[in-house]
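Below: the structure, in structure tokens.
Derivation of every value follows stated rules applied to the coordinates shown; laboratory data play no part. All of these numbers come straight from a predicted model, not from anything done at the bench. Counting neighbours? That spans all protein chains shown, and the Cβs are built from the backbone with ideal geometry, glycine included.
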Amino acid sequence: MRDVIKAGAGAVGGDAPADEIDENQARQAMLRRVEAGRTAATVDELHTAHRLVGRTLVRVDGGGVAVRLDTSFDARCYESHYLLFERARRDNNRLVLVKHTVPYFVPTNKLADKYLKDANVDLFLDQVSDFCNALVSRRQQCMSLKANGSVASLNASDAYDFVQLRVRGGAGRTFDVYAVFDNLQLERPTRVELFERVGGVLGEPGTDDDGSTAVERPELVPALLAHGRLDDMIESLFL
């Protein structure tokens, strides 16, 4: 039975969490198994452990293979995710995914069913890696924006596929931005809605706590989307 490590709440299209397992404990358990495999392996087997682009493969005891997928953003490394494979009982040329620590909203099991049945391990790992790196990119863009004094508030889903911001733009203007990432393999929003806060009467229907009301600015959206990444979009509002 495959174990999926729960890594948060919410995005549509991923795998449902199978067990409530602490992620750090799961990673430590998997590392212990990898290290046990390394200890039991011959020197020749250890030479098969090689580093690809953000990927490390190591043979483990019993004929299995452990893979570590590293993530990065803007030339900086972030968390790693682990996947444990075993040989299929009826086909030694095919690997079966038995455990992983990839966030649950990444459709890891569906990708495994799609690619591993045809022994397309590299393509499977490429797909999972794209999801993981896109997540890190979206998250770190949000972290960077939170540190910006011109961003009054920022809220995001756990998958960072929906982000809501209030931005104090140039010339004293304030905007509410709603960004949607329909494809979790992408670091760029696919849809954006932009509202400008304008003066109103405090307490009137539709007004905010500061008395402002929201006026949609769809004419500004194409220019925002042209910037690509969310952090670049928001930076353009400061100009």
Report the Rg/Rh value for segment 101-239, based on alpha-carbon coordinates and the Kirkwood definition of Rh.
1.10
Can you tally the net charge around GLU193? Count Lys and Arg as +1, Asp and Glu as -1, for every other residue whose Cβ sits under 10 Å from the Cβ of GLU193.
0
Arrange the peptides 166-172, 96-102 so that the one whose residues have, on average, the most other Cβ atoms within 10 Å appears first.
96-102, 166-172
Run the numbers for SER236 and ALA119: contour at 0.36 nm per residue of separation, minus the present Cα-Cα distance, in nm.
37.6 nm
Along Cα→Cβ, 7 Å out, is where each label goes; now give me the distance between the ones at TYR178 and VAL96 in nm to one decimal.
4.5 nm
Based on the mean of other Cβ atoms within 10 Å per residue, sort peptides 105-113, 67-75 so the most packed one is first.
105-113, 67-75
Counting only other residues whose beta carbon sits under 15 Å from that of GLY149, what net charge do I get with K and R as +1, D and E as -1?
+1
Computed label-point distance, nm, for sites SER153 and GLN185 using a 7 Å Cα→Cβ extension:
3.5 nm
Output the relative contact order of segment 73-112, whole-number percent, from Cα pairs under 8 angstrom with separation of 6+ residues.
33 percent
Suppose R0 equals 35 Å. What FRET efficiency, 1/(1 + (r/R0)^6) with r the Cβ-Cβ distance, do ASP74 and GLU196 give to the nearest 0.05?
0.70
Can you pull the Kirkwood radius for segment 49-109, inverse mean 1/r over Cα pairs, to one decimal in Å?
12.7 Å
Within-11-Å neighbourhood charge of LEU69 [Cβ basis; K, R +1; D, E -1]:
-2
